[in-house]
Amino acid sequence: MGMTRCASVGRVGVPPQGWARAAALGCLLCVLPSILWRLAMLAGVDTGFVDADWYRAEGSRIAYVLGLDALQLAGALLCLGLAMPWGERIPPFVPVLGGRAIHRLLPMALGGAGAVLLYLVMGLLATSYGSVWLGLREGWTPAAGMGPVEVMVLGLAYVPLLMWPVVLTVALVGYWRRRSPLRPASGGHLVR
């Protein structure tokens with residue numbers, strides 16, 4: 001479909017900027033390593049995580065980890081929609097609403113709330129665990145009892161999560177700019 005001008009819902013069909021597409025994809029890439037690490041831990045791979053047996057011991061704990069993975073993956077896939085056609089129009093197979101343009105404020109409101117939540121969660125985790133690792137306070141971290149290689153693998157799995165709110169913010173800026181309605185300038189030309 002070509003670009004259409006929808007003043008109330010925003011433009012539809014404008015290709016995403018390269019940097020916005022990369023940021024939306026980055027959202028997905030930020031969550032995959034930690035999901036894979038937790039799945040490996042549940043599958044019995046020796047990750048060095050001292051509480052692994054506790055999580056694997058009961059169905060409710062396994063369900064918690066799988067639920068966390070599903071929530072993370074669903075959130076990242078929704079972020080990917082900021083650079084995909086299905087982030088602008090409801091897919092045609094959806095009964096009654098299929099094919100309608102999505103108002104640009106809906107993804108912005110949901111994505112903005114998600115970004116704020118991610119900044120808070122990642123900030124709290126970085127502050128909490130970082131202060132223990134730096135010896136500023138006593139406390140538990142997931143790295144407790146791990147050797148250097150296991151800590152490095154844990155870091156490679158979880159450090160990308162810290163970038164998730166940042167790349168989501170970039171993807172949201174791209175989405176907003178791309179979907180903004182055109183407005184006439186004083187000379188009669190359309191500008192953004």
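In the set Ala143, Ala157, which member is small (Gly, Ala, Ser), crowded, with 16+ Cβ neighbours inside 10 Å and part of a loop (DSSP other than H, G, I, E, B)? The unique qualifying residue is Ala143.
Hey, among Arg137, Arg61, which residue is modelled with pLDDT of 95 or more, basic (Lys, Arg) and more than 12 Å from the chain's Cα centre (by Cα)? Steps first, answer last, please.
Numbers: Arg137 fails: modelled with pLDDT of 95 or more.
The match here is Arg61.
Using the structure shown, decide if Arg177 is assigned to a loop (DSSP other than H, G, I, E, B), loosely packed, with under 15 Cβ neighbours inside 10 Å and among the basic types (Lys, Arg). When the stated conditions are applied, Arg177 does not pass them.
Looking at region 18-35, is at least one residue in a loop (DSSP other than H, G, I, E, B) and within 16 Å of the chain's Cα centre (by Cα)? Let's see the steps before the verdict.
Filtering region 18-35 down to residues in a loop (DSSP other than H, G, I, E, B) leaves none.
Checked region 18-35: no residue is in a loop (DSSP other than H, G, I, E, B) and within 16 Å of the chain's Cα centre (by Cα).
Residue selection: Arg104 fails the criterion of being farther than 24 Å from Tyr55 by Cβ and either more than 23 Å from the chain's Cα centre (by Cα) or hydroxyl-bearing (Ser, Thr, Tyr) (or both). In the set (1) of a type outside the set (Gly, Ala, Ser); (2) more than 30 Å from Arg11 (Cα to Cα); (3) surrounded by 15 or more Cβ atoms within 10 Å (Cβ to Cβ), Trp133 fails one condition alone, (3). Within region 111-132, residues that are closer than 24 Å to Trp176 by Cα have Cβ atoms under 9 Å from residues that are polar (S, T, N, Q) and in a helix (DSSP H, G or I) in these pairs: Gly111/Thr169; Gly112/Thr169; Ala115/Thr169; Tyr119/Thr169, counting only partners at least 6 apart in sequence or on another chain.
Cβ separations smaller than 6 Å between residues 6+ apart or across chains give the following pairs from region 148-176 residues that are under 30 Å from Glu88 (Cα atoms) to residues that are polar (S, T, N, Q): Leu161/Ser34; Gly174/Gln17.
Among the residues that make up region 77-89, is at least one of them surrounded by fewer than 18 Cβ atoms within 10 Å (Cβ to Cβ) and farther than 28 Å from Leu172 by Cβ? Within region 77-89, none of the residues are surrounded by fewer than 18 Cβ atoms within 10 Å (Cβ to Cβ) and farther than 28 Å from Leu172 by Cβ.
When Glu88 is tested against (1) at pLDDT below 95; (2) more than 28 Å from Trp176 (Cα to Cα), just one condition goes unmet, and that condition is (2). Of Ile62, Ile35, all but one fail to be of a type in the set (Val, Ile, Thr) and surrounded by 16 or more Cβ atoms within 10 Å (Cβ to Cβ); the exception is Ile35. Taken together, the criteria place Ser34 among residues that are at pLDDT 95 or above and either touching a Phe, Trp or Tyr at 6+ places or on another chain (Cβ under 6 Å) or within 24 Å of Ala171 (Cβ to Cβ) (or both).
Go through the residues of region 141-161 one by one and say whether even a single one is over 24 Å from the mean Cα position of the chain (by Cα), charged (D, E, K, R) and at pLDDT 90 or above. Yes, because at least one residue in region 141-161 is over 24 Å from the mean Cα position of the chain (by Cα), charged (D, E, K, R) and at pLDDT 90 or above.
Yes or no, residue by residue, for (1) part of a loop (DSSP other than H, G, I, E, B); (2) of a type outside the set (Asp, Glu):
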| position | (1), (2) |
| --- | --- |
| Trp37 | no, yes |
| Phe49 | yes, yes |
| Tyr55 | no, yes |
| Val65 | no, yes |
| Asp69 | no, no |
| Gln72 | no, yes |
| Leu80 | no, yes |
| Pro92 | yes, yes |
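Met122 falls short on exactly one of the conditions (1) closer than 22 Å to Leu172 by Cβ; (2) surrounded by fewer than 16 Cβ atoms within 10 Å (Cβ to Cβ); (3) hydrophobic (A, V, I, L, M, F, W, C), and that condition is (2).
The values are calculated or read from the model by the stated rules, or taken from the named source; none is laboratory data. Note that the coordinates shown come from a computational prediction; the quantities given were computed from them, not determined experimentally. We place every Cβ from the backbone using ideal geometry, glycine too, and count neighbours over all the protein chains shown.
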